[in-house]
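Q: One structure, as structure tokens, below. Some questions next.
The values are calculated or read from the model by the stated rules, or taken from the named source; none is laboratory data. Note that the coordinates shown come from a computational prediction; the quantities given were computed from them, not determined experimentally. Note that we place each Cβ from the backbone using ideal geometry, even for glycine, and neighbour counts take in every protein chain shown. Ligands, DNA and RNA are stripped out before the accessible areas are found, and what is left, the full protein with its side chains, is counted by its heavy atoms. Shrake-Rupley method; radii C 1.70, N 1.55, O 1.52, S 1.80 Å.
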Amino acid sequence: MVLVSAVRDYVYRMLQDISGMKVLILDSQTVSIVSVVYSQSELLQKEVFLVELIDSISKSKESMSHLKAVYFLRPTSENIQYMRRQLSNPRFGEYHLFFSNMLKDTQIHLLADSDEQEVVQQVQEFYADFIAVDPYHFTLNMPSNHYYILPAVVDPSNLQHFCDGAVDGIGAVFLALKRRPIIRYSRASDIAKRIAHETAKLMYQRESGLFDFRRMEMSPLLLIVDRRDDPVTPLLNQWTYQAMVHELIGIQDNKVDLRSIGKFPKDQQEVVLSSEQDAFFKANMYENFGDIGMNIKRMVDDFQQVAKSNQNIQTIEDMAKFVDNYPEYRKMHGNVSKHVTLVTEMSKIVEERKLMLVSETEQDLACNGGQVAAFEAVTNLLNNESVSDIDRLRLVMLYALRYEKESPVQLMQLFNKLASRSAKYKPGLVQFLLKQAGADKRTGDLYGNRDFLNIARNMARGLKGVENVYTQHQPLLFQTMESIIKGRLRDVDYPYVGNHFQQGRPQEVVIFIIGGTTYEESRSVAQLNASNSGIRFILGGTAVLNSKRFLKDLEEAQGIARSNANVV
């Protein structure tokens, strides 16, 4: 059972059995959870005539006793307080309360005490406390994502809050999948170890009854890793459709806000990119940018054929047929203009920022050796007036991660050049990245140059040649998944929690990246799931990153670290 259908099923069950006109009341997190799996027209079909946020509904006093209120909220103390105030002075005829995760007993008592007029019909836990972006990819959209970078001593209470959020989200995913996993984590990461142990405590001790599902022959595996094991992937430019849209424009909860890049008609200012709702996107989300252009041209040609046949209306029957097909025609028109707009805008950005030039060097830094040539290429790009500040910074970071041990002198030269060319970026951000995610801090063989098998594989790849210079990079996650398929994930690098060990290969694996996932990694997951390896992978994380978000997290963590300089 995949994630999108799990959440859809929860929403269906919330709305299906409550007859009559309904208002659906959500909070800032659950609105994302619902919007990625259910469209507004589907909600209307379930007689939901109003969707409101809990904080704005609190401000209104108008009675709506003809409506039944369906609340779907996270079980936070803030939401419980909102509910208590609303139940003390009820505006709706009935209240049906659904929470996205486990309620505490005290919270249930508080709600019961507030329901003096007995308007609450039911209180249930529906474990959809995660955003199912794609069938095999989820995010927790955690706002203070930068906390994973900081040592525990810097801000213990906020770090605890961050860990609790991650544990709650992971718990909900496994309750939705009806599984209890064996847990492993990345050895070099304190926060991965902490979240792994707290998740085990939740599943095997605190709520062991709730997680006591029918035993499977082979338990699923939950592998908790740290973004700092692979800081390269979120720094790279992307050249496949979904990843590229997120890198150049930005995707939030499967929506793309185009207002940040130009003026567009009202119906095109925000567009939906969902593999569940858009057949063209589903077929092309992992395709290369070059192929997308060709496929869009084909889609435009098909649309023109349909448009031409619609112009040929001569009889009343023709007109009736056109009216019947009009919703489909409008949908097709909207889809064509959406994808044409996205590709046109991205082409402009690629040209403006000279990204093909930049990306070739990025891919070399990520995939191939050759320090002298790399230094020269990065220096030339730093001197190139057309290269933007953010691209300069990323190039120096990629060089530093690759050659931190080999060429400290050249690295200092690049730091100085970057400081003189890009005053916008505070000096020290690259050094901070190395301190937090340098070679000494990482688990796994990021560049494939530590382990003999990886060296051999890289040589083989080099000899075979690469089909596309812009997409030759493979994230570390791909190697990790291959190791799991072959039964070669080393216990010394990825220890087990407690005395739950795994003999043989798991059939289901959830990999959770603290610090966030990328669409390049979710593409690797989709490709391996399609390859019939006998294992189904699911990818999740605390956020979905592009280079902008990764750098923002880094800057925020650096700011906090500086103000606690004596600790870090």
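Q: Probe radius 1.4 Å, ligands and nucleic acids left out: which of Met83, Met216, Met294 has the largest accessible area, and how do the rest follow? Can you show the working numbers first?
A: On the way: Met83 0, Met216 70, Met294 115 Å².
Greatest to least solvent exposure: Met294, Met216, Met83.
Q: Pop the C-beta distance of Val469 and Lys104 into the FRET formula with R0 = 60 Å and round what comes out to the nearest 0.05.
A: Numbers: r = 54 Å, r/R0 = 0.90.
Approximately 0.65, to the nearest 0.05.
Q: While we're here: Among the listed pairs Lys435/Lys548; Lys486/Lys548; Lys104/Lys548, which are separated by more than 30 Å between their Cα atoms?
A: Lys486/Lys548; Lys104/Lys548
Q: While we're looking at this one, here's another question. Would you mind telling me the antiparallel percentage of the DSSP bridges in the chain, rounded to 5?
A: In the chain, approximately 20 percent of DSSP beta bridges are antiparallel ones.
Q: Determine ³J(HN,Hα), in whole Hz, for all residues of the range 514-519 in sequence, where each value follows from phi through the Karplus function 6.51 cos²θ - 1.76 cosθ + 1.60 and θ = phi - 60°; x replaces Gly and Pro.
A: Once rounded to whole Hz, the list reads 6, x, x, 9, 10, 6.
Q: Applying the Karplus parametrisation 6.51 cos²θ - 1.76 cosθ + 1.60 with θ = phi - 60° to the phi angles of the range 186-198, what ³J(HN,Hα) value in whole Hz is obtained for each residue in order, glycine and proline being reported as x?
A: After applying 6.51 cos²θ - 1.76 cosθ + 1.60, I find 6, 4, 6, 9, 5, 6, 5, 4, 5, 5, 4, 5, 5 Hz.
Q: Now, a different point. Using a 1.4 angstrom probe and counting only protein chains, how large is the accessible area of Phe303 in Å², to 10?
A: Result for Phe303: roughly 30 Å² accessible.
Q: Take the alpha carbon gyration tensor of the range 1-130, find the square roots of its eigenvalues, order them as a ≥ b ≥ c, and report rounded if a/c is under 1.5; if not, report prolate when a/b exceeds b/c, else oblate.
A: Note, shape of the range 1-130 comes out oblate.
Q: Hey, with R₀ at 30 Å, roughly what FRET efficiency would Asn295 and Asn380 work out to, going by the Cβ-Cβ distance, to 0.05?
A: E between Asn295 and Asn380, to the nearest 0.05, is 0.30.
Q: Just to confirm a number: summing +1 for Lys and Arg and -1 for Asp and Glu over residues other than Arg91 whose beta-carbon lies under 9 angstrom from that of Arg91, what do you get?
A: Taking every Cβ under 9 Å from that of Arg91, the sum is 0.
Q: While we're here: Can you pull the one-decimal nm distance between simple spin-label points at Ala279 and Gln252, each 7 Å off the Cα toward Cβ?
A: Roughly 3.2 nm, to one decimal.
Q: Still on this structure, I have one more. Assign unit charges at the C-beta atoms only (+1 for Lys and Arg, -1 for Asp and Glu), then state the dipole size of the chain relative to its Cα centre in Debye, rounded to the nearest 20.
A: Computed about the Cα centre, the dipole is about 1000 debye.
Q: Along the charge dipole of the chain, Cβ charges K/R +1 and D/E -1, which of Met397, Tyr148, Gln413 sits furthest on the positive end?
A: Gln413
Q: With a 1.4 Å probe and every protein chain kept in, tell me what percent of the accessible surface of the range 213-306 is carbon plus sulfur.
A: The value for the range 213-306 is 49 percent carbon and sulfur by accessible area.
Q: Something else: Which residue, Leu3, Met481, Ser274, has the largest displacement toward the positive end of the dipole of the chain when charges sit on each Cβ (Lys, Arg +1; Asp, Glu -1)?
A: Looking along the dipole axis, the top candidate is Met481.
Q: What distance in nm lies between label points placed 7 Å from Cα along the C-beta direction at Leu50 and Met216?
A: Reported label-point gap for Leu50 and Met216 is 4.3 nm.
Q: What's the FRET efficiency of Ala419 with Gln122 using the Cβ-Cβ distance as r and R₀ = 51 Å, to the nearest 0.05? Mind dumping the intermediate values first?
A: Numbers: r = 61 Å, r/R0 = 1.19.
Efficiency at R0 = 51 Å is approximately 0.25.
Q: Could you tell me the relative contact order of the chain? Use alpha-carbon pairs under 8 Å, at least six residues apart, and round to a whole percent.
A: Working: 809 pairs, mean separation 103.1, N = 568.
Dividing the mean separation by the residue count of the chain yields 18 percent.
Q: Another question, then. Can you give me the solvent accessible area of Phe92 with a 1.4 Å probe, rounded to the nearest 10 Å²?
A: Phe92 exposes around 10 Å² with every protein chain in place.
Q: A follow-up question, please. What do you reckon, how do Lys486, Lys68 stack up by accessible area (1.4 Å probe), largest on top?
A: So the residues, ranked largest to smallest area, are Lys486, Lys68.
Q: Still on this model: Count charges around Leu221 for me, please; just the other residues with Cβ under 13 Å from its Cβ, Lys/Arg as +1, Asp/Glu as -1.
A: In short, +3.
Q: So, one more: Working out 0.36 nm times the residue gap between Glu287 and Gln16, then minus their Cα-Cα distance, what length gain in nm do you get to one decimal?
A: 93.8 nm
Q: Of all the accessible heavy-atom surface of the range 501-568, with the other protein chains kept in place and a 1.4 Å probe, what percent is carbon and sulfur? Display every interim value, and only then the final one.
A: Working: 1190 of 2510 Å².
It is 48 percent, rounded to a whole number.
Q: Right, another one. Beyond 40 Å, how much of the Cα-Cα pair distribution for the chain remains, as a whole percent?
A: 32 percent
Q: Once ligands and nucleic acids are excluded and a 1.4 Å probe is used, how much of Asp113 is accessible, expressed in Å² to the nearest 10?
A: 110 Å²
Q: If you don't mind, there's one more thing I want to ask. Under the 0.36 nm per residue contour assumption, what length would be gained going from the current alpha-carbon distance of Glu352 and Ser5 to full extension?
A: Once the chain is fully extended between Glu352 and Ser5, it gains 120.9 nm.
Q: Here is a further query. Could you look at the range 72-116 and say what percent of its accessible area is carbon and sulfur, using a 1.4 Å probe and all protein chains?
A: C and S atoms contribute 46 percent here.
Q: Now for a separate question. Of the options Ala196, Pro135, Gln117, report the single residue whose Cα projects farthest towards the positive end of the charge dipole of the range 99-232 (beta-carbon charges: Lys, Arg +1; Asp, Glu -1).
A: Ala196
Q: Put Arg523, Arg215 in order of accessible area, largest first, 1.4 Å probe: what do you get?
A: Largest accessible area first, the residues go Arg215, Arg523.
Q: I've got another one for you. Rolling a 1.4 Å sphere over the protein heavy atoms, what is the accessible area per residue of the chain, to the nearest Å²?
A: Numbers: 26480 Å² over 568 residues.
Accessible area per residue, the chain: 47 Å².
Q: Find how much the distance from Thr76 to Leu429 grows on full extension, using 0.36 nm per residue of separation minus their present alpha carbon separation; answer in nm with one decimal.
A: Gain in length upon complete extension: 123.6 nm.
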